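Below you'll find the structure, written out as C-alpha cells, and then a few comments.
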Ligand code: C2E
Ligand code: MG
Ligand code: MG
Ligand code: MG
C-alpha cells in the first residue's frame, strides 16, 4: 500500500474489495432484470408426507442464471435483493410462476397438490407488490389458496410486527397454510409461534444433518417435536440426506424434504415420473 503514495491507502483487503464488487454487480444486475424477470426460473423440491405414493407437496425455489455470472445461488442473491429493496420484484415473479404452474398443469397434478412459496420477511413487514400479486391471484381464484403454502423466516428485519401479523392473518383467512422456515436458527422461537399464526414448523437442516451423530442436535430436534405436538403444529424436517435419518424421523414428522428423496428440479421432471 505504501507504493501507492502517501495520500492513497487501501480501505479493504483485496478479498473484501472483490466481494463488495460482486455484491454491487449482483445488485445492479438484479435491478436490470426486475421488470423483465430475465434469467429467473423456479425449481421445485418434493416434500414427502406419510405414505404418499406420488409427489404432491413441493417447495418452489428461485433460480437465477445470468449470462455473465452464470448461476447464482439464492443464498447469495436473496440477501442482496432484500438489502436493496428489490426483493418484492422477485417475489412477484415467484408468485406469478407458481400460480401459472398450478393453473396450467392442474390436470396433471394430484387434487391435493400444494406448492410452497418462500416469502421474505420484507414482503410481510413492508408494503410489497409481491404480496399484492398473491392477494390479487387469490381474489380472482379463491380455490388456489388450498394449493398454496407460504414459508417465511423470522428475522430481526421484521420491524413492523403489526403489519407482519396482519399479512399472515390475511393469508391464513384466505386458506393458505403458514410455515415457519429454518426453525432453530437465528431468531426463530417457540414464542414466535405463539404470537403469529403458524401452522407448520420447518426444522432447519443444520439440526437434521447430524441428527444421528450429535446428541445435542438430536435432543433439540426431539424437544421441538414435543413442543410442536403440544402446540398443535405440524413439522417438516429439512435436509434429510440418508436412509437412517429418514427412518428415524418418518413416523414423527408430517413431512420430510431432502436430497435423500429428491433435489430441486424443474417441475416437468416430477410430472413425467408420476404419469
Ligand atoms: P430454504 O427456504 O430453507 O430452502 C431449502 C434450501 O435447502 C434450498 O436451497 C434447498 O435446495 C436446500 N436443500 C434441500 N434439501 C437439502 C439437502 O438434503 N441437503 C442440502 N445440503 N441442502 C438441501 P436453495 O434453493 O439454494 O435456497 C436457499 C435459500 O434461499 C432458501 O432456504 C430460502 O431462504 C432462499 N430462497 C430460495 N428461493 C426463494 C424464493 O423464491 N424467495 C425467497 N424470499 N427466498 C428464497
Ligand atoms: Mg423454505
Ligand atoms: Mg430461509
Ligand atoms: Mg429452510
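Here are the numbers for this structure:
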quantity: Filtered residues of region 57-71 (kept if touching a helix residue (DSSP H, G or I) at 6+ places or on another chain (Cβ under 9 Å) and either closer than 19 Å to residue 152 by Cβ or surrounded by 20 or more Cβ atoms within 10 Å (Cβ to Cβ) (or both)); calculated: 58, 60, 61, 62, 64
quantity: Counted residues, region 145-154 - those being more than 13 Å from ligand 2 (Cβ to nearest atom) and in contact with a helix residue (DSSP H, G or I) (Cβ under 6 Å, 6 or more places away or on another chain); calculated: 2
quantity: Residue list for region 220-240, filter: within 14 Å of ligand 4 (Cβ to nearest atom) and assigned to a loop (DSSP other than H, G, I, E, B); calculated: 238, 239, 240
quantity: Hey, residue 109 surrounded by 21 or more Cβ atoms within 10 Å (Cβ to Cβ), farther than 30 Å from residue 19 by Cβ and out of contact with any strand residue (DSSP E or B) (no Cβ under 7 Å at 6 or more places or on another chain) or not; calculated: yes
quantity: Scope region 115-144; condition within 13 Å of ligand 2 (Cβ to nearest atom) and touching a helix residue (DSSP H, G or I) at 6+ places or on another chain (Cβ under 8 Å); matching residues; calculated: 115, 117, 118, 119, 120, 121
quantity: Failed condition for residue 268, given (1) within 16 Å of ligand 1 (Cβ to nearest atom); (2) part of a helix (DSSP H, G or I); (3) under 20 Å from residue 113 (Cβ atoms); calculated: (1)
quantity: Of all residues making up region 25-69, the number that are assigned to a strand (DSSP E or B), under 14 Å from residue 86 (Cβ atoms) and either free of Cβ contacts under 8 Å to residues at least 12 places away in the same chain or more than 16 Å from ligand 2 (Cβ to nearest atom) (or both); calculated: 2
quantity: All positions within region 193-206 that are under 21 Å from residue 230 (Cα atoms) and within 14 Å of ligand 3 (Cβ to nearest atom); calculated: 200, 201, 202, 203, 204
quantity: Scan of region 56-72 for residues that are within 14 Å of ligand 1 (Cβ to nearest atom) and more than 13 Å from the chain's Cα centre (by Cα), ordered by number; calculated: 57, 64, 65, 71, 72
quantity: Per-region count, region 166-202, residues crowded, with 17+ Cβ neighbours inside 10 Å, in a loop (DSSP other than H, G, I, E, B), modelled with pLDDT under 95 and within 16 Å of ligand 4 (Cβ to nearest atom); calculated: 2
quantity: Members of region 27-56 found to be under 14 Å from residue 109 (Cβ atoms) and surrounded by fewer than 14 Cβ atoms within 10 Å (Cβ to Cβ), listed by number; calculated: 54
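The values are calculated or read from the model by the stated rules, or taken from the named source; none is laboratory data. Predicted model, so just to flag it, every value in this text is computed and none were measured. Backbone-built Cβ (ideal geometry, glycine too); neighbour counts: all protein chains shown.
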